[in-house]
Amino acid sequence: MTIIARSAPSPHPSWIQSANPETFWDGAVGSRAMRYGGTALSHRALAEAQAGVKAELAAMHRAFLSLRTKHNALAPISRLPVEIMTRIFSLVACAERAGRLTAQHPPRKRPAMLGWIKVTFVCRHWRNIALGSPSLWAANISLTLRSSGTKAMIARAKAVPITFEFLDRDAGFDFNSIMAQCITQNLSRTKVLRLDWIHIHPGSILDVIIRPAPLLDTLDIVVGSPRKSIFAFPSNARFLGDDAPQLRHVLLHNMINFPWASKVLQHLVSLRLIYFQATKSPARLEDVLMALQKMKSLQYLTLQNNLPQPADSSTTARVPHLVHLDVRGRLSSCGNLLRHLEVPNTASLDLEMDCSLDDSNDALESFFSAFNTFLCRDGQSTPIPTSDLFLQCGAAAGVGTPNPNFIARAKRSPTTATSAGAEINLLFSHRTNAEDGWSNLSFMMAVCDLLSSAHTLTLSADIVGDDGHEWDVGEWLGVGQRAASLQILRTSDKAARVLCFGLSLCRDARSAETDWRDMVKRPGLGASESLFLPALECLELCDVNFHATVTKKGAAQLRFHEEMKARLMARARAGAPLKKLVLRECHVDKAWVDELREVVVIDWDGRE
Amino acid sequence: MPTIVSVDDSTVPGEGSSRLLLLVSSDNKHIVVEEDIMSRSRFISKQVEGFEATSQRHAILLPFSSFVLNKVIEYCSHYRGYYLLEDDPDAAPPGRSPVREWDQEFLDVDRNMLLRIIKAAHYLEIKSLVGSCARAIADMIRGKTTEEMREILGVENDFTPEEEHSPSSKCTG
C-alpha cells in the first residue's frame with residue numbers, strides 16, 4: 001500500500017494527548033482526509049507515520065475510556081453514596097464466604113473465598129471505592145494467598161482491626177510457618193483469629209498464642225485430624241501474654257494443659273474446649289471451678305471429653321449468665337461437673353454421656369443423683385421450668401442388656417425433676433456398641449420418664465435405622481404411654497412406618513401383640529385421653545420411603561402415603577388433627593403429597 | 001436539606017387522634033401520611049422534632065418522585081410498630097442477616113427502581129430498608145463474573161490496560 005503524505009503529521013499534536021472526545025474528533029477526524037497523499041514515503045517517514053497512527057489509536061482509546069468513565073458516572077449505580085457501595089461489597093464478601101462454607105461442591109470447586117475482589121475489576125469507580133474502604137479488606141485476611149497478596153490485604157486494611165481466617169483445611173492447604181509468622185507480626189491488631197486445618201504444627205501455633213493480643217475478640221483453633229493434633233500449652237508460658245482484655249470467645253480443639261488460671265479468660269462470653277478423646281492429664285476440677293467462678297459474663301460453655309478430674313470438692317462455681325451448657329464425657333465426670341455447677345434455670349443443657357460396661361451401678365446412680373441435683377439445685381425439687389433439655393445418651397445404651405436394678409434406680413431421679421411440666425426436648429441417639437436397639441430404647445424409656453413432660457422428641461436416624469433394627473409396635477407404645485404432652489415428633493424411616501398405624505389409635509394398649517388396625521377408641525374416654533400421642537401437632541419425617549408397602553389389605557397392597565392419609569383422617573375425626581407434616585428427603589411423589597395436603601398442612605422440601 | 005414550606009392547618013390535620021405529615025415529592029405530588037408510619041425514618045423524625053420546637057407544622061419536600069416515595073411509605077407501613085434490629089445502631093449485628101421474605105417480594109422491582117429506593121432510603125435514613133436494598137443488590141452480583149456484573153448494573157469497563165493488570169493501584173484521572 002502506498003501512503004502519500006501531503007504534509008508530515010506532527011508527532012504529538014495536542015489533540016492526541018487529549019482525553020476530551022470533542023477535541024479528539026475535531027483534531028483527528030476533521031483533518032484526516034488531508035493527512036496522507038500520493039507521494040511514496042521514505043522508510044523514516046513510514047515509521048513516523050506508523051508512530052503517528054499508533055499515537056492516534058492510543059488517543060482514541062483514551063478518549064474511548066474517558067467516554068466510558070463518563071458513561072459510568074451517569075449510571076444509576078454510580079450515583080449511590082460511597083458508604084452504600086461499600087456495604088454492598090461487604091455483603092457480597094459475606095455472602096460468598098457463607099456460600100463457600102455451606103457449599104455442597106467438592107473442596108477444590110468451591111467458590112473462591114476472595115471472589116468478592118472481582119468487584120475491583122468492574123470499573124475504576126468501583127475499584128477506587130473498594131481500595132478506599134479498609135474495613136472491606138480487614139474483614140477477612142486470607143492466609144492462603146502468596147505472602148505478597150496477604151501483605152497487600154493487610155496494607156489495605158490500614159488501621160482497622162483485622163480478621164485472620166484460615167478455613168481451607170479441606171482444600172489442601174497446610175498451615176505453615178510463614179502464615180504463623182504473618183499472624184504473629186500482626187497479632188497486636190488482630191480482632192478475630194480463626195484457624196481450621198488438617199495438619200497442625202503445634203510449635204507455630206504456640207508461638208502465636210503466647211503473644212499479647214490487645215484487640216483480640218475471638219480465638220478459634222479447630223483441628224481436623226483427631227489423633228495427631230493434640231498439643232500442650234507450655235506450663236511456663238502466659239496465654240496471649242496475659243494481655244487480651246477484649247477476648248470474649250475461645251474455641252480450642254485438643255489443647256491440653258489449658259491455662260485455666262489465665263486472667264485473660266475472665267471476660268469470656270463463650271468458652272468451648274473440645275477434645276477428640278480423653279487425655280492422661282485432665283485439668284483439676286478445683287482449677288476449673290475457680291476459673292468458671294471468675295467468668296462473670298460467661299454465656300456458653302462447652303466441655304467435650306477430657307473433663308476435669310473428679311475430686312471430693314465441696315466448691316461450687318456459680319455461672320450466673322449461662323445460656324447453654326454442653327458437656328460430653330464419661331458418666332462419672334459429667335455427673336461430677338454437674339454437681340459442682342450452679343447455672344440459671346433458663347440455661348439449656350446438651351449432655352452426652354459415655355457409659356461403658358465398666359461403669360458400676362453405683363456410678364450410674366451417682367450420676368443421676370448429680371443430674372437431679374443439677375436440675376433441682378435449690379433443693380426444693382423445683383424443676384427447670386422452660387429449659388430445653390437435649391439428652392443424648394450416647395453409649396449409655398451400650399449397657400446392652402437392661403439392668404433392672406439400674407433402671408429402677410435411674411427412674412427415681414429424673415422423675416421428680418421433671419414432673420412439673422418442664423418443656424423438654426429429647427434427642428435420643430446411640431453411636432457406639434449398642435447391639436440391641438430394642439434394649440437401647442428400653443433403657444431410654446426407663447431412664448426417661450422425662451418423656452412424660454417432653455415437648456419435642458427427636459429420634460435420630462442412628463437409633464431407628466442404621467443398625468438395621470426396625471421399630472415395632474411395642475416400642476411406639478413405650479413412647480405413647482409416656483409422652484402425653486408431646487407436640488413435635490421427629491423421626492425417620494425405620495420408625496416411621498409403624499408409627500403411621502398408631503397415629504389414630506389408643507395409647508393405652510399394652511400388648512405388642514395387639515392388632516393395631518383393629519383397635520378402636522374406648523367408649524367413655526375423650527379423644528385427648530385415648531389417642532396415641534394426643535397432643536401431637538407436628539410430625540417431621542426424614543428419609544421415609546413412601547413407595548414402600550406397609551401392609552396388605554386383602555389382595556391390595558397399601559402404600560405408606562395411603563395408610564398415612566387414612567390415619568390422619570381418622571385422627572381428625574377423633575378431634576385431634578395433626579396440624580403439620582414436614583417431609584425432608586423423603587421418597588415421595590408430588591401427587592401423593594397433594595393427596596395428603598387434603599388432610600394436613602405439609603412442609604415439603606420438594607424432593608421426590 | 002429538604003426545602004420546608006409552611007402549610008396551613010386545613011392541609012395537615014393538627015394534634016388530634018392521629019398526627020399527619022404532608023410529604024411533597026419532586027414531581028409535586030402531595031402525600032399525607034401518618035407520622036407514626038414514617039417514624040422509622042430518622043430524617044423525618046428529626047424534622048418532626050424541629051416542628052415541635054417551633055410549634056409550626058410544615059410540609060416536607062423530598063427530592064424523589066411520588067412513585068419512589070409511595071414505595072418507601074409502603075415499606076414503612078408494613079413494618080409499622082415493628083422493632084427492626086437494623087434500625088437500632090447499637091444492636092444491629094455486623095455482617096449479613098437474611099433478607100426477610102416480605103422484603104424480597106417488595107424489592108422485586110427493576111434495577112433502576114431498586115437503586116432509586118435505596119437512595120431514597122439513604123436520604124430518609126431508614127437503615128433497615130437500606131440494608132434490604134443493599135442485600136438485594138449484593139445478591140444480584142455475587143458469584144458473577146466482572147462482565148456479568150457490568151451487564152447487570154449497566155457499567156462499562158473503563159480501565160486502561162495497565163490499570164486492568166495492576167489491581168492494587170487506585171485509578172486517577
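The values are calculated or read from the model by the stated rules, or taken from the named source; none is laboratory data. Everything quoted here is computed from the prediction, not taken from an experiment. FYI the Cβ positions are ideal-geometry reconstructions off the backbone, even for glycines, and counts take in every protein chain you see. Accessible surface is based on the protein model in full, side chains and every heavy atom, while ligands, DNA and RNA are left aside. Shrake-Rupley method; radii C 1.70, N 1.55, O 1.52, S 1.80 Å.
When the range A:346-365 is filtered for residues that are open to solvent by 20 Å² or more (accessible area, probe 1.4 Å) and modelled with pLDDT of 70 or more, the ones remaining, listed by number, are A:T346, A:S348, A:D350.
Name the residue, out of B:E34, B:E15, that is farther than 28 Å from A:R79 by Cα, over 18 Å from the mean Cα position of the chain (by Cα) and either modelled with pLDDT of 85 or more or among the charged types (D, E, K, R) (or both). Working first, answer last.
Working: B:E34 fails: over 18 Å from the mean Cα position of the chain (by Cα).
Being farther than 28 Å from A:R79 by Cα, over 18 Å from the mean Cα position of the chain (by Cα) and either modelled with pLDDT of 85 or more or among the charged types (D, E, K, R) (or both) holds for just one of B:E34, B:E15, which is B:E15.
Considering only residues of the range A:284-321 that are assigned to a strand (DSSP E or B) and closer than 16 Å to A:N257 by Cβ, which is modelled with the lowest pLDDT? Among those that are assigned to a strand (DSSP E or B) and closer than 16 Å to A:N257 by Cβ, it is A:Q309. Considering only residues in the range A:53-65 that are more than 8 Å from every other protein chain (Cβ to nearest Cβ) and touching a residue at least 40 places away in the same chain (Cβ under 8 Å), the one that is most open to solvent (accessible area, probe 1.4 Å) turns out to be A:A58. In the range A:557-567, the count of residues that are at pLDDT below 80, aliphatic (A, V, I, L, M), open to solvent by 10 Å² or more (accessible area, probe 1.4 Å) and over 25 Å from A:S485 (Cα atoms) is one or more. Go through the residues of the range A:124-146 one by one and say whether even a single one is assigned to a helix (DSSP H, G or I), touching a residue at least 24 places away in the same chain (Cβ under 8 Å), away from chain B (no Cβ under 12 Å) and under 21 Å from A:F175 (Cα atoms). Taking every residue of the range A:124-146 in turn, none turns out to be assigned to a helix (DSSP H, G or I), touching a residue at least 24 places away in the same chain (Cβ under 8 Å), away from chain B (no Cβ under 12 Å) and under 21 Å from A:F175 (Cα atoms).
Yes or no, residue by residue, for (1) at pLDDT 90 or above; (2) in contact with a strand residue (DSSP E or B) (Cβ under 8 Å, 6 or more places away or on another chain):
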{"residue": "A:S148", "(1), (2)": "no, no"}
{"residue": "A:R169", "(1), (2)": "no, yes"}
{"residue": "A:G172", "(1), (2)": "no, no"}
{"residue": "A:R189", "(1), (2)": "yes, yes"}
{"residue": "A:L206", "(1), (2)": "no, yes"}
{"residue": "A:R211", "(1), (2)": "yes, no"}
{"residue": "A:L215", "(1), (2)": "yes, yes"}
{"residue": "A:P234", "(1), (2)": "no, no"}
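Restricting to the range A:251-274, name every residue that is part of a helix (DSSP H, G or I) and modelled with pLDDT under 95.
If we filter the range A:251-274 for residues that are part of a helix (DSSP H, G or I), which is where we start, we get A:263-265.
Once the filter is applied, which keeps residues that are part of a helix (DSSP H, G or I) and modelled with pLDDT under 95, the range A:251-274 yields only A:K263.
Scanning the range A:302-322 for residues that are under 29 Å from the mean Cα position of the chain (by Cα) and either open to solvent by 60 Å² or more (accessible area, probe 1.4 Å) or more than 23 Å from A:Q266 (Cβ to Cβ) (or both) gives A:N305, A:R318, A:H321.
Among the residues of the range A:69-83, write down those that are touching a residue at least 12 places away in the same chain (Cβ under 8 Å) and either assigned to a loop (DSSP other than H, G, I, E, B) or within 8 Å of another protein chain (Cβ to nearest Cβ) (or both). Working first, answer last.
We begin by selecting, within the range A:69-83, every residue touching a residue at least 12 places away in the same chain (Cβ under 8 Å); these are A:69, A:72-73, A:78, A:82.
Hits for the range A:69-83 are A:T69, A:N72, A:S78.
Just one of the listed residues (B:R135, B:R142, B:R150, B:R116) is within 7 Å of chain A (Cβ to nearest Cβ) and open to solvent by 50 Å² or more (accessible area, probe 1.4 Å), and it is B:R142.
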